[in-house]
1. Which pairs turn up if I take residues in the stretch 24-49 that are free of Cβ contacts under 8 Å to residues at least 24 places away in the same chain and surrounded by 10 or more Cβ atoms within 10 Å (Cβ to Cβ) and look for partners that are aliphatic (A, V, I, L, M) and in a helix (DSSP H, G or I) with beta carbon separation below 8 Å, at least 6 apart in sequence or on another chain?
2. Does ARG76 qualify as being assigned to a helix (DSSP H, G or I) and modelled with pLDDT of 55 or more?
3. From (1) charged (D, E, K, R); (2) part of a helix (DSSP H, G or I); (3) modelled with pLDDT under 95; (4) under 27 Å from the mean Cα position of the chain (by Cα), pick out the condition that doesn't hold for ARG10.
Amino acid sequence: MPDRSHGRGRTGLIRFIGNVIDDAKEFTDECLDRMRDVEHDLRKTVSDNVRPGRDADEPDASTAATTVRATAGRSRRTHG
């Protein structure tokens, strides 16, 4: 006949290990969810800032590049 106290000790240890594993899985899931949210927010921010004509108040990337080229051309003519 098995020793009951030994069986209870193992059950407690196995329960403890199971709880640790469950906590680790929950922590990993939360980290992955947060990373997914950060990735989504980062992609949205980058696409909002790169996509031309997104906001009417702000110049798009092509307008900004044209302005920089025009300003550089004027400064070369003035100083060169």
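The values are calculated or read from the model by the stated rules, or taken from the named source; none is laboratory data. Just so it is clear, the model here is predicted, and its values are computed rather than measured. We place every Cβ from the backbone using ideal geometry, glycine too, and count neighbours over all the protein chains shown.
1. The qualifying pairs do not exist here.
2. On the way: assigned to a helix (DSSP H, G or I): yes; modelled with pLDDT of 55 or more: no.
In short, no.
3. Among (1) charged (D, E, K, R); (2) part of a helix (DSSP H, G or I); (3) modelled with pLDDT under 95; (4) under 27 Å from the mean Cα position of the chain (by Cα), ARG10 violates only (4).
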